[in-house]
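Have a look at the structure below before the remarks.
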Amino acid sequence: MPRIMLEKVTMQFGDIYAVKDIDLVVRDGEYLTVLGPSGCGKTSLIKVISGIWTPSSGRVLIDGEDVTSIPIEDRNVGYVFQNIALFPHMEVLKNVSYGPLMRDMPLDERNAVAEKYLQLVKMLDKMGMLPGELSSGEQQKVAISRALASGSNLLLLDEPLSALDARVRMELRYEIRRLVKDLGITVVHVTHDQDEAMSVSDRIVVMRNGGIVETDTPMALYRRPNNLFTAYFIGETNLIEGMVSDKNAHNIVVRLRDGTDVKVNGNRHFNIDDAVVLSVRPEYVYTAKEGLTAKVTQVIYMGSYWRVIARAESMDMVEYNIQRYENPPAIGSDVNLVFNPKMLMVYKRPTEGISEAIRLE
């Protein structure tokens, strides 16, 4: 199984950096997702890994071999594009057996390989059909089969599900995860879909402006991101400004702009009077007799829960959830909001301002 290492990889077009100074290791058999907003450099990064592009500087190593200048056809990688790229005049079986054909495999052997991977994606019964006779989800399954039939232990997925309907996209992402884990294949999967990344990844690389913001497991990035941008980009969160008003050996107290004090567990590296930003997920906001006073401005039925949006006197907007079987508050009513101190995240207030720090490009 291949191990990928990128060393100071930069891809530059004139004065524009698509990616800059990327250091990254993808482990053997790992399902790594590269996540970020449009234009952040994630597709450029996967094109460099694949050999479609040669980086302006830096090195790409696969299993310790420097492949920086080796083109894609000599790297033994399977690549699945965002736009489904099948030969429209070829039947499914011939599409999938094309890789083995290019390796001069005899007809019976290459058909056996193609049938094996079609069986894995449950498309063997469609092997005599043309791509145009298949649904978009079925076509992408064939594209994945073709990539696997190439014989590579490294699969690169460039937004492979973005063109599919929501239900098909959800079903297929779990199928891909199951398939590659059963086969023991190393995967690099590019996406802008946070739910997709959270549900399939061993680790996630968060990118912005051509660089890596941070890398960690889905749970760590959701519960304890190191960066304010990650806290905002992955999942949903409330960002509330304040200042550290007190601290002890176990926690700090943040005073919000309306004067409400909020206790936060840990975070002893902050000092009194530090300007900070609190990040709290909607599921960790509750109503109580006392707390941050806010007026309900909107109530949205989400199916499994109600989403309530309230505006504090300081003009901070706070979103929180209540169970679907509970009665939601009336629009215009006042609520007092408290936060789970164990699940609060605190960040130094960015000098460029919150809006700039979380801007999606």
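On the basis of the beta-carbon distance and an R0 of 25 Å, Lys116 and Glu73 show a calculated FRET efficiency of 0.65. Just the number, please: percent antiparallel of the DSSP beta bridges in segment 300-361, rounded to the nearest 5. The antiparallel proportion sits near 100 percent. Taking the Cα centre of the chain as origin and assigning +1 to Lys and Arg Cβ atoms and -1 to Asp and Glu Cβ atoms, the resulting dipole is close to 540 debye. Of the two radii for the chain, the radius of gyration is 1.06 times the Kirkwood radius, both from the alpha carbons; that is the Rg over Rh value. Restricting the GluC sites (Glu not before Pro) of segment 199-263 to loop positions (DSSP other than H, G, I, E, B) with no more than 15 neighbouring Cβ atoms within 10 Å leaves Glu236. Per residue, the chain reaches -7000 deg cm²/dmol at 222 nm when only DSSP H runs of four or more residues are counted, each adding -39500 (n - 2.57).
Since only Asn153, Gly78, Ile322 are under comparison, the one whose Cα sits farthest along the positive direction of the charge dipole of the chain, derived from C-beta charges on Lys, Arg, Asp and Glu, is Ile322. Projecting label points 7 angstrom from Cα along Cα→Cβ for Leu124 and Ser136 puts them 2.9 nm apart.
Averaging Cα coordinates gives a centre for segment 285-301 and one for segment 103-182; these two points are 48 Å apart. Phi angles of segment 301-318 translate, via the Karplus equation with coefficients 6.51, -1.76, 1.60 and θ = phi - 60°, into HN-Hα couplings of 7, 9, x, 8, 6, 9, 9, 10, 10, 10, 10, 7, 4, 6, 6, 5, 9, 10 Hz per residue; Gly and Pro are given as x.
If you plug the beta carbon distance of Ser355 and Asn327 into 1/(1 + (r/R0)^6) with R0 = 45 Å, you get a FRET efficiency near 0.80. With a Förster radius of 35 Å applied to the beta-carbon distance between Tyr301 and Asn226, the computed FRET efficiency rounds to 0.50. Enter the Cα centre distance for the pair segment 320-350 and segment 1-33, rounded to the nearest angstrom. Computed from Cα coordinates, the inter-centre distance equals 39 Å. For segment 161-262, taking Cα atoms only, Rg and Dmax work out to 18.3, 56 Å respectively. Seen from a random direction on average, the alpha-carbon convex hull of segment 59-150 projects onto 6.7 square nanometres. Taking amide hydrogens as placed 1.01 Å from N in the peptide plane, the amide H of Tyr31 sits under 5 Å from those of Val187, Asp202, Arg203, each at least 5 positions away in sequence or on another chain. Here segment 238-357 was treated as a single set of alpha-carbon atoms; its pair distances binned every 10 Å from 0 give 14, 44, 31, 11, 1 percent.
Provide the percentage of antiparallel DSSP beta bridges, counting only those with both residues in segment 4-229; round to the nearest 5.
Within segment 4-229, antiparallel bridges account for around 55 percent of the total.
Of the trypsin sites (Lys or Arg not before Pro) found in segment 8-86, those that fall in a DSSP loop while having at most 15 other beta-carbon atoms within 10 Å are Arg27.
Computed from the coordinates by the stated procedures, all read-outs in this text should not be read as laboratory data. On a predicted model such as this, the values are computed, not experimentally measured, just so you know. Ideal geometry is used to build each Cβ from the backbone, glycine not excepted, and the neighbour counts take in all protein chains shown.
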